[in-house]
Amino acid sequence: MSGRIRSAIVDVLEDYTGHVTPGGPAARRTLDALTITKISVGPMDNNAYLLVCRATNEGLLIDAAADPERLSDVVGHSVDRPRLKTVVTTHRHQDHWGALGAVAGANGSNTVAHAADAEVLPIPPDVLVEHGDTVHVGEVPLTVIHLRGHTPGSIALLYRGPTGHPHLFTGDSLFPGGVGKTTSPETFTSLIDDVESRIFAELPDDTWVYPGHGDDTTLGRERPHLAEWRSRGW
């Protein structure tokens, strides 16, 4: 389906490409069990992702990064808007949680993060997760993948639907063109090792990657460059 719908003051495009712009429309992808809405917020062009279970109308937000009003507009204001039950923070950097308190407080949402990053967040997480745990959005399970290196508690979330390709939300651990920023050779090695063993070794090339900033990609597009990334050290 293509076209444009309006959610309060935020336009939502229904022809999803993986590209959004700061201050521009959100983009929605509709799957059998789930909708995924991507929006760019804040001065650092952070991606936030609203996932909604189509069976229960329950919502989960990945990274309440900034602009709580825009995020609320994406959730919607009508009586049939999703119930935003959960907000997941992918890692401790402030540009990914600037609106966490406002969004979670306004919606009564449970907050989720990895234990290694929890103490830095502005509000204590309601749920601490580890590698291999499952977080649900309605009837839809999302698997937690711990990717150590960008921060100690950086996580990705993986949705494996019954049909179609996997969907992977990577925060700042994996982008088009490389892994996320690290602070030392040791943290880079940790991150590239986890990205190779826990993502590329486990998931197929058609896995769609939703990063914390910028455009989407696929594992197939990035896989040929793994050795290059390791060699250059970033």
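Which whole-number value in Å³ per residue fits the convex hull of the alpha carbons of the chain?
Details: hull volume 26.3 nm³, N = 234.
Convex hull volume per residue, Cα atoms: 112 Å³.
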Give the accessible surface of region 12-232 per residue, rounded to a whole number of Å², with probe radius 1.4 Å and ligands, DNA and RNA excluded. 40
Cα long-axis angle, helix 185-194 against the chain (0 to 90 degrees, to the nearest 10): 60
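Just to check, using Stokes-Einstein with a Kirkwood Rh over alpha carbon pairs, what's the diffusion coefficient of region 181-234 at 20 °C and 1.002 mPa s in µm²/s? Don't skip to the answer; put the middle values down first.
Values: Rh = 11.9 Å.
In µm²/s, the coefficient is 181.
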So, in nm, how far is label ASP206 from label HIS165 when the simple model puts each one 7 Å beyond its Cα toward the Cβ? 0.8
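Roughly to the nearest percent, how much of the accessible area of region 12-232 is carbon and sulfur, given a 1.4 Å probe? Don't skip to the answer; put the middle values down first.
Working: 4570 of 8890 Å².
Reported share for carbon and sulfur atoms: 51 percent.
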Cβ-derived FRET efficiency at R0 35 Å, HIS136 paired with LEU226, nearest 0.05: 0.65
Which whole-number percentage describes the relative contact order of region 116-177, with Cα contacts under 8 Å and a sequence gap of 6 or more? 23
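Under unit Cβ charges (Lys, Arg +1; Asp, Glu -1), what dipole magnitude, rounded to 20 debye, does the chain have relative to its Cα centre? Provide the component values of the computation, followed by the final result.
On the way: 19 positive and 30 negative charges, 59 e Å.
Computed about the Cα centre, the dipole is about 280 debye.
The values are calculated or read from the model by the stated rules, or taken from the named source; none is laboratory data. These numbers were taken from a predicted model, which means no experiment stands behind them. Because the Cβ atoms are built from the backbone with ideal geometry, glycine has one as well, and the counts that use them run over all protein chains shown. Note: areas computed on protein heavy atoms with side chains; ligands, DNA, RNA excluded. Shrake-Rupley method; radii C 1.70, N 1.55, O 1.52, S 1.80 Å.
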